Number of protein chains: 2
Amino acid sequence: MKKLLFFDSTLRDGSHAIKHQLTKENIADYCKAMDNSGMNTIIVGHGNGLGASSLQVGLSLFSDNEMLTTAKKHLKRTKLGVFLIPGFGTIKDDVVPAIEAGVDLFCVASHCTEADVTRQHIEYLRKEGKEVYGILMMYHMTTTEKLVEEAMKMQEYGAMGIVIMDSAGASTPDLVKRTINALVNKLDIRVGFHPHNNMGIAVSNALIAIEQGASIIDGTLRGFGAGAGNCQLEALVALLHKTGVNTGLNLYKMLDASEEIVSKIMDRDTGLSALSIISGMAEVFSSFAPHVKKAAEKFGVDPRDIFMELGNQKVVGGQEDMVIEIAMNLAQRKKQDDISYIFESLL
Amino acid sequence: MKKLLFFDSTLRDGSHAIKHQLTKENIADYCKAMDNSGMNTIIVGHGNGLGASSLQVGLSLFSDNEMLTTAKKHLKRTKLGVFLIPGFGTIKDDVVPAIEAGVDLFCVASHCTEADVTRQHIEYLRKEGKEVYGILMMYHMTTTEKLVEEAMKMQEYGAMGIVIMDSAGASTPDLVKRTINALVNKLDIRVGFHPHNNMGIAVSNALIAIEQGASIIDGTLRGFGAGAGNCQLEALVALLHKTGVNTGLNLYKMLDASEEIVSKIMDRDTGLSALSIISGMAEVFSSFAPHVKKAAEKFGVDPRDIFMELGNQKVVGGQEDMVIEIAMNLAQRKKQDDISYIFESLL
């Protein structure tokens with residue numbers, strides 16, 4: 001099995017949800033917070049990608065170049081990606097400046113039956129030594145056979161992987177299964193999936209895609225994105241870790257970025273909170289949350305660590321005493337760690 | 001395959017999310033709106049069920065009796081249900097008055113390893129000729145073998161079905177599959193599932209349960225419920241209809257109740273909107289939504305019908321002209337229907 005790659009479209013698909021009004025501060029804060037999370041690529045820009053900012057589809061608050069250079073400044077480990085629909089974006093006016101701004105990875109997209117239009121962009125970018133992925137949008141609108149054909153074209157042009165987008169959130173679990181399976185069997189390159197949550201199954205459709213051999217998942221933190229939103233990456237990662245799949249991602253850093261940054265950019269918060277996800281992962285009933293928050297604050301420990309420990313101890317009802325005991329023990333352990341750290345640094 | 005039954009816990013599990021402050025108006029409005037939807041049972045009351053209202057777990061705004069009689073007044077076709085945890089609720093003080101208030105169906109619940117405590121309540125209710133289901137909470141906390149044993153006890157006591165609750169939202173798809181499969185194989189009565197959405201997979205876990213033979217799904221409109229919320233029933237029903245399963249439920253009535261009533265009761269709206277669900281079901285990109293809303297208003301037609309028709313016509317981008325044409329046609333058709341209706345009523 002190929003190592004799973006995660007593409008983070010929070011600062012691209014999320015743009016749709018706020019009419020492309022991302023600020024430089026949003027971008028800087030998010031990239032700073034996520035750079036050490038193990039995320040493979042953060043995709044930044046207008047919802048419709050490079051060159052799309054316009055009166056017709058919506059004007060970005062800042063230019064592509066301003067957004068990309070802001071992101072690049074704060075991404076040391078994580079790659080900077082962009083989305084590009086040929087027609088909106090051209091090589092001369094958009095791709096060349098994006099390369100200059102430090103973009104590492106390009107997602108070149110077309111409607112699911114129109115891979116031909118991506119040829120020159122994909123070929124150009126490969127020649128320039130960039131990472132390039134082919135994206136097929138609204139994948140549900142064609143047959144699996146035709147989709148495989150279009151994907152094979154992109155593979156021929158030099159795409160390093162093909163990501164299909166469930167742009168309308170129209171996927172049934174069965175459609176995901178059949179489609180990803182066919183693509184994985186026919187292509188030599190990675191296959192990826194970008195779900196939307198219109199019928200409430202984006203996270204599970206991503207899981208199904210992975211089961212069928214998809215090795216790229218493109219989603220967003222807190223599900224921030226167009227329409228019903230995307231596959232909420234931190235929920236997916238929690239589930240994967242729970243089932244023993246090591247994603248290489250730091251879940252707590254993702255949850256922090258979700259709570260502290262993304263929830264504040266969203267105009268209407270429809271995502272799952274960190275404590276919802278952690279309590280599910282820890283297998284602890286949500287009624288513990290207020291007690292956990294209070295104890296975490298009082299003893300200066302992470303409420304998520306308390307939840308995980310409550311889970312280990314298999315609590316059932318609202319045993320408040322146990323919450324306090326666990327918080328005290330965690331605080332004690334933390335103090336010892338701090339002391340050992342001071343000693344170690346003296347040696 | 002047994003006909004699927006849906007239990008609607010919006011006015012019970014939702015109570016948790018608003019500290020049990022449901023008003024009589026909330027209950028009346030909801031029951032009126034849902035009575036003609038084809039819903040099997042609406043469960044009403046305190047989040048922890050009959051007799052649970054207390055300082056310790058939270059006081060309901062109105063007494064159990066006030067809530068139940070209010071609901072009963074507006075439920076002609078749909079059954080009135082209550083939730084009951086022996087210990088909180090007693091036969092004399094709670095069950096007898098509930099029967100007098102017109103409750104049709106009782107969900108008698110215990111922790112997943114403590115079915116014994118439900119014996120006298122289940123036996124009493126069957127003797128009284130009531131519908132009774134056995135509920136096993138926090139089902140993930142025990143082994144499948146033990147869970148089957150506990151469920152068999154409830155079956156022996158006279159329960160007409162067993163519903164397992166994923167109270168902590170801790171289920172992986174695999175756990176749901178194994179557990180429901182084992183219960184369906186071992187029991188002679190219906191098996192049901194009540195998911196929570198902590199890791200974003202409540203709807204798909206319900207689908208998996210149905211695939212494995214579960215024939216009761218207990219969820220809520222808009223996912224309104226404790227913690228991360230529940231399986232959003234209207235999303236699940238949209239998906240089932242899309243895959244050709246006839247639930248007997250009127251999806252539009254559910255979407256109306258979700259938008260017009262439930263979204264206003266929730267203190268923090270984390271549910272999927274009607275247009276999100278319908279656009280996914282119709283396979284149409286969400287960017288059409290503002291155009292659809294405008295055209296629906298202008299021509300006095302249902303925006304959901306426009307979405308479904310856009311789907312039939314396989315639209316791709318933002319063809320605003322087509323939205324208007326479809327809305328005009330729908331308005332024309334509606335006018336003709338109205339005229340035929342007037343003629344028919346004259347005959």
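Throughout, read-outs are computed from the coordinates displayed, never taken from laboratory work. In this text the structure is predicted, and so the values were computed from the model without any measurement. Reconstructed Cβ throughout: ideal geometry from the backbone, glycine too, with neighbour counts over all protein chains shown.
Residues B:K177, A:K146 in ascending order of nearby Cβ atoms (within 10 Å, fewest first): A:K146, B:K177. The ratio of the alpha-carbon radius of gyration of the protein assembly as shown to the globular-protein estimate 2.2 N^0.38 Å is 0.99. Of the trypsin sites (Lys or Arg not before Pro) found in the stretch A:231-284, those that fall in a DSSP loop while having at most 14 other beta-carbon atoms within 10 Å are A:R268. Here the stretch A:5-266 is treated as an ellipsoid with the same Cα gyration tensor; its semi-axes, largest first and in whole Å, are 24, 23, 17.
Contact order, relative form, for the stretch A:5-266: 19 percent (alpha carbon pairs under 8 Å, 6 or more residues apart, mean separation divided by residue count). Here the relative contact order of the stretch A:88-243, from alpha carbon pairs under 8 Å that lie six or more residues apart, stands at 16 percent.
A crude spin-label estimate for the pair B:N65 and A:K2, with each label 7 Å from Cα along the Cβ direction, gives 6.7 nm. For A:R178, B:R12, A:R119, the sequence from fewest to most other C-beta atoms within 10 Å is A:R178, A:R119, B:R12. Counting only alpha carbon atoms, the long axis of helix B:144-157 and the longest principal axis of chain B meet at about 80°.
Just the ratio, please: alpha-carbon radius of gyration of the stretch A:188-339 over 2.2 N^0.38 Å, N its number of residues.
Normalised Rg, Cα atoms only: 1.15.
Taking A:I43, A:I91, A:I189 in turn, the Gaussian network model of chain A (Cα-Cα springs below 10 Å) assigns the largest fluctuation to A:I91. Note on the stretch B:61-165: Lys pairs 8 or more places apart or on different chains, Cα atoms under 19 Å apart, count 9. Computed per residue of the protein assembly as shown from DSSP H runs no shorter than four, each worth -39500 (n - 2.57), the mean residue ellipticity at 222 nm is -13500 deg cm²/dmol. Summing Lys and Arg as +1 and Asp and Glu as -1 over all other residues whose Cβ lies under 14 Å from the Cβ of B:T220 gives a net charge of -4. Across the stretch A:277-346, the mean sequence separation of Cα contacts (distance under 8 Å, 6 or more residues apart), normalised by length, yields a relative contact order of 34 percent. Peptide A:221-231 has a mean shielding of 3, counted as Cβ atoms of other protein chains within 10 Å of each residue's Cβ.
With a cut-off of 15 Å between beta carbons, the residues surrounding A:I91 carry a summed charge of -1, where Lys and Arg count +1 and Asp and Glu -1. Can you list the residues of the stretch A:194-237 with backbone N under 16 Å from a point 7 Å past the Cα of A:T144, pointing along Cα to Cβ? In the stretch A:194-237, the label zone of A:T144 (backbone N under 16 Å from the point 7 Å along Cα→Cβ) covers A:208-214. For the segment A:163-174, counting C-beta atoms of other chains within 10 Å of every residue's C-beta and taking the mean gives 5. Excluding same-chain neighbours fewer than eight residues apart, the lysines reachable from A:K294 by a Cα-Cα span under 28 Å are A:K242, A:K253, A:K264, A:K314, A:K334, A:K335, B:K19.
Take each residue in A:134-145, count the other chain C-beta atoms within 10 Å of its C-beta, and the mean is 1. Between A:N329 and A:K73, the distance separating the two model label sites (each 7 Å from Cα on the Cα→Cβ line) works out to 4.6 nm.
Charged neighbours of B:Q332, selected by a Cβ distance under 13 Å, balance to -2 (K, R count +1; D, E count -1). In the stretch A:23-151, the DSSP beta bridges split such that about 5 percent are antiparallel, to the nearest 5.
Could you list B:D93, A:D13, A:D269 in order of exposure, starting from the residue whose Cβ has the fewest other Cβ atoms within 10 Å?
B:D93, A:D269, A:D13
Note on the stretch A:5-266: antiparallel DSSP beta bridges, both residues inside, total approximately 5 percent of the bridges counted.
Partner aspartates and glutamates whose Cα lies under 20 Å from the Cα of B:K3, excluding those fewer than 8 positions away in the same chain, are identified as B:D35, B:D104, B:E131, B:D188, B:E211, B:D218, B:E234. In degrees, nearest 10, range 0 to 90: what is the angle between the Cα axis of helix A:202-211 and the longest Cα principal axis of chain A? Helix A:202-211 and the main axis of chain A meet at about 80 degrees.
The string of couplings for the stretch A:261-271 from the Karplus curve (6.51, -1.76, 1.60, θ = phi - 60°) is 10, 5, 4, 7, 7, 5, 7, 9, 7, 10, x Hz, one whole number per residue in order, with x for Gly and Pro.
Decide, for the stretch A:193-276, between rounded, prolate and oblate: order the square roots of the alpha carbon gyration tensor eigenvalues as a ≥ b ≥ c, take rounded if a/c falls under 1.5, and otherwise choose prolate if a/b is larger than b/c, else oblate. Note, shape of the stretch A:193-276 comes out oblate.
For B:L22, the residues 5 or more places off, or on other chains, whose built amide H falls under 5 Å of its own are B:L61.
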